[in-house]
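The values are calculated or read from the model by the stated rules, or taken from the named source; none is laboratory data. Quick caveat: nothing in here was measured; it's all calculated off a predicted structure. Using ideal geometry, Cβ is built from the backbone for each residue, glycine included, and neighbour counts are taken over all protein chains shown. Side chains included, ligands, DNA and RNA excluded: accessible areas come from the protein's heavy atoms. Shrake-Rupley method; radii C 1.70, N 1.55, O 1.52, S 1.80 Å.
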Amino acid sequence: MADMLTPLQWAATEDLTASAIAAAATPAATPAPMPPPAPARREKLRLGDVLVKQMLITEEQLQKALELQRGTGKRLGRLLIEAGFVTEEAVAHGLARQLRVPAVNLKNYTLKSETVRLLSESPARRLRAIVLEDQGEHLLIGFVDPLDLVAYDELSRLLKRQVRVAVVPESQLVPALDRHYRRTDEITGLAKALEIDVGAAADTSTLDASAAAESAPVVRLLQSVFEDAVQMGASDIHIEPQDGGLVIRSRVDGVLQTQTQADKRIAGALAQRLKLMAGLDISEKRLPQDGRFTVRVRDSGVDVRISTMPSHHGESVVMRLLGHGKGMRRLDEIGMPQDLLIRFQEILGRTSGMVLVTGPTGAGKTTTLYAALAEIDAERLKVITVEDPIEYRLPGLTQVQINDKIELSFARVLRATLRQDPDVILVGEIRDPETADIGLRAAITGHLVLSSLHTRDALSAPFRLLDMGAPSFMVASSLQAVIAQRLVRANCSNCAEPHVPTPQEAGWLTAIGGESAASERTLRGRGCAACNGSGYVGRIGVYEMLEMNIQLAQAATRADPVEFSKLAREQMQGRTMAHRALALVRGGSTSVAEAVRLATECD
């Protein structure tokens, strides 16, 4: 390493020209080695001094941050950023200027997984570094803290290569590591190990569920699958035996992504292990089963809701992942349009009536219901939730878990809840006529009832209740409002670019927004490292609200769907989910393709 500049030496050469630095950092062409440049000063550079020298912060701000650091033990850079004294990008560029090294924006940087993985995941995360390029004799490494000499020396030792330094922002480093250290290879390797185990075993019906079996391939494979899914922000895991083999997929931002493909002989071992974890009957393979369990991932609990179903090639298993102790979001944080938000908050201030949130599975109904609960003063009011499962564990609420095995159903718990003197009741889902009847009666008798229902749009909700056998007068007098919602994928902010609508997209724009809408500027992500090539990052809620009034109540009482639909459409004119989706397209938040997909689902 005599021919390379350490971060200290980079700082000591700040008066050299760029060509002199390049010459000092390049091995000599002759056999005789060139001595390293003598540094002008050998004292350790400190981040605060660098930022003050670069005039990115003041001495007073530095002293305030140092005082906070003594009390919290946090890194100085993080404290300066959190205090708003400097931005993360400014810190990275300031360090880069001081050390005469590149500052790299990972959002625009093309990374190769095989290059990134030259450094294993554990030291990469611990030392906050990533391999950017393999330059032959040298590796270009992105450091969050290029002044960390210990990290520099350890990476040089681990990689056994000469190291060149670049600076990367920490907020960009972590997502990049998550993308490139996916456990696909690990999962595939463990699946092959399990294939060998299953092939060698005479009987796979006696998998050991004790602690002694925690090192078994089936256990390690499932743990890796969970860790990979949580790392990618997946909502569901699908284990699907098919004719050609076993496919394991995870749903990220509403779209399924394949984690691995394996020999379908291991499907039985995986299903059996998961059944043991959920306390299900491992001998029953002919009937569907449902259960739940908790798994530890990255030192936190993840609640897993499992469903098994017999298929032609074996048992299909689907698991919904629910963050244990996940923070609850408020209504103004979930993307609800301002006009709808104001009216919804006013309705939640009422003391009685039923409010429904509708949409298909995975549309974010539970998030909206709990955001509604956040608007209610739980210290002043008695709030009881009846759920299956309890997705958010919250202080100040009485939460009840449904358990069909002991006949603890929604209807039974709801009847008991009414004897607990509640002010607000949240029913996870109205699934049957009895639950609908009790919920509506509770809404009539002075309770605010929040619940979800599976319908296509808002105006279908009252007729879904009528189909369940609810009396029309109860629906008319109890139902206050219906929120219908869907989720659309959000354009990647890093690679979104102008998009020319296809003929189908132009037709939809014209139908919803008028003739001029088809010529309006729209955006769509082209795909980049930040979005894993998809063009989308995250999802946005799209909402519509039907608020019951006297005319709608009278039409509901008469159970007149034609009149009701006409009045409802007049009320929601210009404020349907299609119009809300168009507003998101115009704002560049999502693409026309996503809006068209939503409209197709709602038709």
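Quick look at the numbers
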quantity: Solvent-accessible surface (1.4 angstrom probe) belonging to residue 81, in square angstrom, nearest 10; calculated: 40 Å²
quantity: Accessible carbon and sulfur surface of the chain relative to its total accessible area, %, 1.4 Å; calculated: 52 percent
quantity: Per residue, the convex hull volume that the Cα atoms of region 340-471 enclose (Å³); calculated: 110 Å³
quantity: Folded to 0 to 90 degrees: helix 561-571 orientation relative to the chain principal axis, Cα; calculated: 40 degrees
quantity: Positive-pole candidate from 531, 385, 293, dipole of the chain, charges at beta carbon; calculated: 531
quantity: Alpha-carbon centroid distance for the pair region 433-486 / region 506-545, whole angstrom; calculated: 33 Å
quantity: Distance from region 40-97 to region 372-414 (C-alpha centre basis), Å; calculated: 47 Å
quantity: Calculated SAXS-style log₁₀ I(q)/I(0) at q = 0.19, 0.21, 0.23, 0.28 Å⁻¹ - region 139-185, Debye, Cα scatterers; calculated: -0.69, -0.81, -0.91, -1.05
quantity: Probe 1.4 Å, all protein chains present, accessible-area order of 160, 285, largest first; calculated: 160, 285
quantity: Cα long-axis angle, helix 184-200 against the chain (0 to 90 degrees, to the nearest 10); calculated: 70 degrees
quantity: Per-residue SASA entry for residue 495, accessible area with 1.4 Å probe, Å² rounded to 10; calculated: 0 Å²
quantity: Residue order for 115, 184 - accessible surface, 1.4 angstrom probe, largest first; calculated: 184, 115
quantity: Cα-only radius of gyration and Dmax that characterise region 455-590, units Å; calculated: 18.8, 57
quantity: Sequence-distant residues sharing a close amide H with residue 386 (under 5 Å, placed H); calculated: 400, 426, 427, 428
quantity: Solvent-accessible heavy-atom area per residue, rounded to whole Å², over the chain at 1.4 Å; calculated: 47 Å²
quantity: Cubic angstrom per residue, convex hull over Cα atoms of the chain; calculated: 221 Å³
quantity: Residue 430 accessible area, assembled protein chains, probe 1.4 Å, Å²; calculated: 10 Å²
quantity: Within the chain, longest stretch free of exposed GluC sites (Glu not before Pro) [DSSP loop, at most 10 other beta carbons within 10 Å]; calculated: 44-378
quantity: Net charge dipole size for the chain [Lys, Arg +1 and Asp, Glu -1 on Cβ; Debye, nearest 20]; calculated: 600 debye
quantity: Amide H contacts of residue 539 (H built 1.01 Å from N, under 5 Å, at least 5 apart or other chain); calculated: 490
quantity: Helix 217-231 axis, angle to the chain major axis (alpha carbon atoms, nearest 10°); calculated: 90 degrees
quantity: Other-chain or far-sequence residues with amide H under 5 Å of residue 246's (modelled H); calculated: 262, 263, 264
quantity: Partners for residue 285 among lysines (Cα-Cα distance below 22 Å; same-chain residues under 8 apart left out); calculated: 264, 275, 405
